[in-house]
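Some notes on the structure that comes next.
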Amino acid sequence: MDARRARQHAHLASELDAYAHWFTAPDPSSGGHYLTLTLFADCGNAARVARDQTAEFLRGVGVGEVVDDARLIVSELVGNVVNHVVPERSLTRPGGSRRIDVHFKVWPKWLFIGVADEDSSPPLLPLGDTFWPGLMEELSEAVLPDSGRGLLIVQRLATAVWWSPEDRGGKTVWCRLDLGAGSRGLPSC
């Protein structure tokens, strides 16, 4: 029983450490890097540009092991903004484009990815599998849910997924990937 409690304590300590780092901009002297991309949903290639820039940034800061997962996550989150977000009236301008900000915070142990949009409606984060995973191979796509697939993919690839409201209106959907040997986005306990 003591070993289980020790694992739980270690897991909680690592989660709190990651949460504390999410609030701050990385200090380059500590091995951290920060980047924000601003895209516009009305350009026909926003998701492709976001994917390409994600790969360039992550390879450039030395976390190439998560490039494929991060590209897919960014693509799904930016695609959700392009296809589903309706900006709040207070944030729209006549003839203006819908703004998408993609944030990256890289620390030696974590990659935080945030995609901000101009809609304050909370995202509908899936609660879990609709079907037992063993049946997924046998089921056709016709019986899978029509919405939430992208966020389900993000939840599968990331260690944690959450959202936060923005002070000016809108929201940011965040996710965290744990970096290091063998983590590949899996929880540490």
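The values are calculated or read from the model by the stated rules, or taken from the named source; none is laboratory data. Computed from a prediction, not measured in an experiment: that's the story for all the values here. For neighbour counting, all protein chains shown are included, and Cβ atoms are generated from backbone atoms with ideal geometry for every residue, glycine included. Just the protein is used for accessible areas: all its heavy atoms, side chains included, with ligands, DNA and RNA removed. Shrake-Rupley method; radii C 1.70, N 1.55, O 1.52, S 1.80 Å.
Descriptive notes on the structure:
- A search for C-beta distances below 6 Å between a residue of the range 50-77 that is acidic (D, E) and any residue that is part of a helix (DSSP H, G or I), counting only pairs 6+ apart in sequence or on different chains, returns D69/L157; E76/G150; E76/I153; E76/V154.
- Only one of V63, V49 that is open to solvent by less than 70 Å² (accessible area, probe 1.4 Å), of a type in the set (A, V, I, L, M, F, W, C) and out of contact with any Cys (no Cβ under 9 Å at 6 or more places or on another chain): V63
- Close pairs (8 angstrom Cβ cut-off, 6 or more residues apart or separate chains): within 18 Å of F104 (Cα to Cα) and open to solvent by less than 90 Å² (accessible area, probe 1.4 Å) in the range 2-31, at pLDDT 70 or above and acidic (D, E) anywhere: A18/D178
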